[in-house]
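Notes follow once the structure below has been shown.
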Amino acid sequence: MDKTAFTPPGPPPTKPDQLLAKLEALGIPYVNHRHRPLYTVAESQDLRGEIPGGHCKSLFLEDKRGRLWLLVAQEDTPIRLNRLHARLGAGRLSFASFDRLWVVLGVVPGSVTPFAVVNDAAGLVTVVLERAMLAHDRLNYHPLSNDQTTTIASADLIRFLRACGHEPVVADLTLDEAG
């Protein structure tokens, strides 16, 4: 299925302006940038211009045991799902369906972001943050919609996740040949 062809069955549970209001309520400073919709890291690299900070990707995954994972890493970190599961103590990992993405995180493909845990009140998703990504002072993610990018401090990302009931797992995601 073409990710641009997925049509959600209804309105999103949380809109970008509601997310930004939550950041403000938590006292988390941010800078928001509007742009054309972006669906891939390559498109993001072409358009970002001078947005400072680490640029990231988010992968919504499911393991063979049915557990859900949100993997958040620097945009250029190679992710080897066929070997990463052992490091995380997960079953074999694959991409979760677009329908599951919508039901659990309330976003469509191309808009996957750690901010989407705001919609996971049931705590179904384990959030995994790349340790090297957190070394950046500022990080950039879509605010539930791929036509915007929001810049926040890395420490504030963790604060936000915890405020949403998600204690992140911080891991080294770069695998050497030994795995």
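Every number in this text was worked out from the coordinates using simple rules, so none of it is lab data. Note that this is a predicted model, so its numbers are computed, not measured. So basically every Cβ, Gly included, is an ideal-geometry build from the backbone, and we count neighbours across all protein chains shown.
Counting charges near residue 91 (Lys, Arg +1; Asp, Glu -1) among other residues having Cβ under 12 Å from its Cβ returns a value of +2. Applying D = kT/(6 pi eta Rh) to region 48-113, where Rh is the Kirkwood radius over alpha-carbon pairs, T corresponds to 10 °C and eta to 1.306 mPa s, the Stokes-Einstein value obtained is 123 µm²/s. Over all other residues within a Cβ to Cβ distance under 11 Å of residue 104, the charged ones net out to -2, with Lys and Arg as +1 and Asp and Glu as -1. Treating the beta-carbon of each Lys and Arg as +1 and of each Asp and Glu as -1, no other charges, what is the dipole magnitude of region 54-173 about its Cα centre, to the nearest 20 debye? My answer is approximately 440 debye.
Counting every C-alpha pair in region 54-173, the share spaced more than 18 angstrom apart comes to 46%.
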